[in-house]
1. Mind listing just one residue for me: the one in segment 68-82 that is of a type outside the set (A, V, I, L, M) and exposed (fewer than 14 other Cβ atoms within 10 Å of the Cβ) and, of those, modelled with the highest pLDDT?
2. Can you say whether I226 is part of a helix (DSSP H, G or I), more than 24 Å from Q109 (Cα to Cα), touching a residue at least 60 places away in the same chain (Cβ under 8 Å) and open to solvent by less than 40 Å² (accessible area, probe 1.4 Å), as far as the supplied structure shows?
3. Determine whether segment 11-18 contains at least one residue that is more than 17 Å from the chain's Cα centre (by Cα), open to solvent by less than 40 Å² (accessible area, probe 1.4 Å), more than 30 Å from A230 (Cα to Cα) and not acidic (D, E).
4. Is there a residue being of a type outside the set (F, W, Y), under 19 Å from Y111 (Cα atoms) and outside any loop (DSSP other than H, G, I, E, B) anywhere in segment 56-70?
5. Considering only residues of segment 114-125 that are touching a helix residue (DSSP H, G or I) at 6+ places or on another chain (Cβ under 9 Å) and open to solvent by 40 Å² or more (accessible area, probe 1.4 Å), which is nearest to E146 (Cα to Cα)?
6. Residues being in a loop (DSSP other than H, G, I, E, B) and more than 18 Å from P14 (Cβ to Cβ): count how many of those fall in segment 39-55.
7. Would you be able to say whether some residue in segment 192-203 is in contact with a helix residue (DSSP H, G or I) (Cβ under 6 Å, 6 or more places away or on another chain) and modelled with pLDDT under 95?
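The values are calculated or read from the model by the stated rules, or taken from the named source; none is laboratory data. Since this is a predicted model, take the numbers as computed values, not measurements. We place every Cβ from the backbone using ideal geometry, glycine too, and count neighbours over all the protein chains shown. What goes into the accessible areas is simple: the full protein's heavy atoms, side chains included, and nothing from ligands, DNA or RNA. Shrake-Rupley method; radii C 1.70, N 1.55, O 1.52, S 1.80 Å.
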Amino acid sequence: MYNGKLNEYIERLPVKSIIIAKNLYDKFFYNLSKAAFIKNLERLVKKELLIVIGKGVYYKPQKSFMGMMGIADNELRNYFVDGNKSGIERGYALYNKYKLTTQVSKKMQLYSNKIVFNKQVIKNATVEKFNFKYNYKLAFTVEYLEVLENYRSIEDLNYKALYNFCKKIAAEYDEMKLEAVLKSGWYKKRTIAFLQHILNYFNVKNNLKKFLNSTSKYDYLKMESIANAAA
């Protein structure tokens with residue numbers, strides 16, 4: 001009985017749908033044994049109604065005269081990031097977004113709250129779980145922390161763009177959003193000290209000293225140096 005229902009469910013799905021097996025099982029097919037559920041998914045893969053794109057992740061392919069069409073990068077991005085409602089792009093895609101560099105990467109790096117595992121490779125994307133109920137301001141908070149944490153590794157860093165990015169951080173700073181991120185994040189104290197320095201430079205009130213050790217000296221790029229390099 002449940003096999004038939006699962007088949008019908010998959011057949012009704014539009015092509016190019018991404019399926020997280022655990023989420024599907026927990027929502028609709030929890031009365032079926034997990035072994036039977038997985039076995040039936042395997043049958044659907046053999047019938048070419050689904051393809052496996054990662055551990056526990058399936059895709060309903062579009063078929064053409066050339067055969068099954070694989071998943072495109074933008075489909076992965078749209079599903080796992082969903083316009084910053086479910087996650088963010090990291091790495092060079094993020095740095096390109098804010099014109100911090102013209103360098104690109106062939107691999108995608110994403111944070112998402114949609115995956116089951118803490119980290120997994122799904123086709124061309126490495127997806128890590130960063131579990132929030134995302135919205136624009138919270139997504140931007142994660143984005144700027146990613147940049148401040150990793151700016152040293154950005155090739156051909158554009159300092160004028162970095163200065164403008166720091167200015168944007170100051171203009172949109174939201175301490176409640178930052179605290180929400182830091183509760184689940186793993187950012188270094190050096191990164192928080194860099195953020196504090198940026199906010200102080202632009203005269204934005206903050207209480208970031210509570211996250212820092214008053215006797216420690218943190219190594220980060222000074223705004224005066226960024227401004228001089230941007231001139």
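1. My answer is N74.
2. Yes: the conditions hold for I226.
3. So far as segment 11-18 goes, yes, one or more of its residues are more than 17 Å from the chain's Cα centre (by Cα), open to solvent by less than 40 Å² (accessible area, probe 1.4 Å), more than 30 Å from A230 (Cα to Cα) and not acidic (D, E).
4. Yes, segment 56-70 contains at least one residue that is of a type outside the set (F, W, Y), under 19 Å from Y111 (Cα atoms) and outside any loop (DSSP other than H, G, I, E, B).
5. The qualifying residue nearest to E146 (Cα to Cα) is K114.
6. Residues in segment 39-55 being in a loop (DSSP other than H, G, I, E, B) and more than 18 Å from P14 (Cβ to Cβ): 1 in total.
7. Checking segment 192-203: not a single residue is in contact with a helix residue (DSSP H, G or I) (Cβ under 6 Å, 6 or more places away or on another chain) and modelled with pLDDT under 95.
Results for (1) of a type in the set (K, R); (2) within 22 Å of F117 (Cα to Cα), shown as yes or no for each residue.
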| position | (1), (2) |
| --- | --- |
| E8 | no, no |
| K27 | yes, yes |
| S33 | no, yes |
| I38 | no, yes |
| V45 | no, yes |
| G54 | no, yes |
| F80 | no, yes |
| R90 | yes, yes |
